[in-house]
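The values are calculated or read from the model by the stated rules, or taken from the named source; none is laboratory data. Nothing here was measured: the structure is a model prediction, and the numbers come from that model. Note that each Cβ is placed from the backbone with ideal geometry, even for glycine, and that neighbours are counted across all protein chains shown.
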Amino acid sequence: MTTLAHMNQHQEIAIDFTGFQEVESASLKSLDLLNAQSWCQNIEKLYLAPGSNEIVSVYLSKIIPSSDSIHPYIWIIEGVLPTGFLNAQQITTPSQALGTYIGETEKWIDASRNQQDTSNLIPLSVSAPNFEAFETTLNIIKKRIYPGWI
């Protein structure tokens with residue numbers, strides 16, 4: 001078991017890298033979106049989580065953050081749904097990352113559908129979403145794909 005332990009100003013985290021593959025890139029869109037975030041100066045490394053496929057892929061990226069308050073490890077979830085980024089400070093497994101993405105995306109759909117502010121929710125790159133199709137796809141991932149990650 002290869003474990004990464006990182007000490008930041010808040011707590012130590014440990015991520016088990018068993019089964020991960022270091023890769024050169026995720027989809028170009030995901031990397032462009034990550035590099036466009038104000039909190040990301042650059043991407044140092046990228047790891048593909050085991051269980052990833054063409055429907056949903058989970059990556060762990062090591063970034064150079066723009067400030068010490070930003071965690072240097074970020075989960076990237078991509079596939080048939082919009083790309084999402086999650087701080088790895090409290091999410092230490094691909095299963096937790098995918099489960100958190102699903103939950104946070106459900107909150108985003110509800111808030112967007114009700115025309116509420118989404119600025120404090122997961123940042124998703126979506127323009128004029130078809131909420132029914134978006135929700136249906138998310139439910140398929142939640143019920144058919146996510147259980148295999150647990």
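Taking the conditions (1) touching a Lys or Arg at 6+ places or on another chain (Cβ under 6 Å); (2) outside any strand (DSSP E or B) in turn, Lys62 satisfies each one other than (2). Note on the range 79-123: residues that are surrounded by 20 or more Cβ atoms within 10 Å (Cβ to Cβ) and touching a Gly at 6+ places or on another chain (Cβ under 7 Å) amount to 3. Scanning the range 72-79 turns up one or more residues that are over 26 Å from Glu106 (Cβ atoms) and either outside any loop (DSSP other than H, G, I, E, B) or not hydrophobic (A, V, I, L, M, F, W, C) (or both). So, Lys29, is that one within 25 Å of Asn130 (Cα to Cα), surrounded by fewer than 18 Cβ atoms within 10 Å (Cβ to Cβ) and either at pLDDT 90 or above or not polar (S, T, N, Q) (or both) or not? The answer is yes for Lys29. Scanning the range 84-114 for residues that are part of a loop (DSSP other than H, G, I, E, B) and over 18 Å from Ile63 (Cα atoms) turns up just one, Asn114. Each residue in the range 91-145 was checked for being closer than 21 Å to Ile74 by Cβ and aromatic (Phe, Trp, Tyr), and 2 of them qualify.
Within the range 80-94, the set of residues being within 17 Å of Glu54 (Cα to Cα) and under 11 Å from the mean Cα position of the chain (by Cα) comprises Pro82, Thr83, Gly84, Pro94. In the range 109-150, the qualifying residues are those that are under 16 Å from Ser95 (Cα atoms) and charged (D, E, K, R), and the one that is modelled with the lowest pLDDT is Arg144. Sub-7 Å Cβ pairs linking a first residue in the range 119-135 that is on the phi < 0 side of the Ramachandran plot to a second residue that is modelled with pLDDT of 85 or more and in a loop (DSSP other than H, G, I, E, B), at least 6 apart or interchain, are Leu124/Pro82; Ser125/Pro82; Ser125/Thr83; Val126/Pro82, ordered by first then second residue. Being out of contact with any helix residue (DSSP H, G or I) (no Cβ under 8 Å at 6 or more places or on another chain) and closer than 15 Å to Ile145 by Cβ: is that true of Glu54 here? Spelling it out, Glu54 is indeed out of contact with any helix residue (DSSP H, G or I) (no Cβ under 8 Å at 6 or more places or on another chain) and closer than 15 Å to Ile145 by Cβ.
The condition of being crowded, with 21+ Cβ neighbours inside 10 Å and more than 20 Å from Ile140 (Cβ to Cβ) holds for only one of Ser61, Ser38, Ser69, that being Ser61.
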